[in-house]
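Shown next, in structure tokens, is the structure this report addresses.
The values are calculated or read from the model by the stated rules, or taken from the named source; none is laboratory data. Here the structure is a predicted model, which is why all the values come from computation and not from measurement. Using ideal geometry, Cβ is built from the backbone for each residue, glycine included, and neighbour counts are taken over all protein chains shown.
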Amino acid sequence: MAIGRLHHVILDCPDPGALAAFYSRLLGLPITYHDDDFAVVAVNDRTSGIAFQRAPGHRAPTWPDPATPQQIHVDVMVDDQAAAAEAVLALGASRLGGDVFADPAGHPFCLIPRPGWAPPVG
């Protein structure tokens, strides 16, 4: 029996609204909650999603250098890795190497090929 259910995956960041806007566009999901210190991106306001919390003094990860750990890692499944790479770079991501990118606050994420069991993303 489960003790609980996943609510949100929460990323610390310097600007929750800006990072929520990035992930909203990346994932094609709406921002379902937003105040000055917290924002949520989810399918709707009654589902779990990814959230962003203001963290004063936030230091971006330095992956793969362990000086500042990655803190969180998100895998994003895509239909076409090359097209997705261009799109995330246009949104403000930066390439860290291979299929690993950093969001505007420096959190690493990977663009992974869509598994065969998953319906097409686009």
(request) Take ALA105 and decide whether it is touching a Gly at 6+ places or on another chain (Cβ under 7 Å) and either buried (at least 16 other Cβ atoms within 10 Å of the Cβ) or at positive phi (or both). (result) no
(message) Just the residues that are surrounded by 13 or more Cβ atoms within 10 Å (Cβ to Cβ) and not hydrophobic (A, V, I, L, M, F, W, C), please, taken from the range 42-57.
(response) SER48, GLY49, GLN53, ARG54
(request) Evaluate the following for ARG114: is it more than 20 Å from LEU6 (Cα to Cα) and either in contact with a strand residue (DSSP E or B) (Cβ under 7 Å, 6 or more places away or on another chain) or of a type in the set (Val, Ile, Thr) (or both)? (result) yes
(message) under 28 Å from ASP35 (Cα atoms), polar (S, T, N, Q) and touching an Asp or Glu at 6+ places or on another chain (Cβ under 8 Å): is that true of GLN81 in this structure?
(response) no
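Per-residue answers, yes or no, for (1) touching a Leu at 6+ places or on another chain (Cβ under 8 Å); (2) among the β-branched types (Val, Ile, Thr); (3) over 30 Å from PRO120 (Cβ atoms); (4) surrounded by 17 or more Cβ atoms within 10 Å (Cβ to Cβ):
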| site | (1), (2), (3), (4) |
| --- | --- |
| ALA20 | no, no, no, yes |
| GLY28 | no, no, no, no |
| ARG59 | no, no, yes, no |
| PRO66 | no, no, yes, no |
| LEU91 | yes, no, no, no |
| LEU96 | no, no, no, yes |
(request) Give the range 63-98 a look and list any residue that's of a type in the set (Val, Ile, Thr) and modelled with pLDDT under 90, or say none. (result) THR68, ILE72, VAL74
(message) Out of ALA93, ALA67, I need the residue that is among the hydrophobic types (A, V, I, L, M, F, W, C) and over 14 Å from ALA21 (Cα atoms). Which one?
(response) ALA67
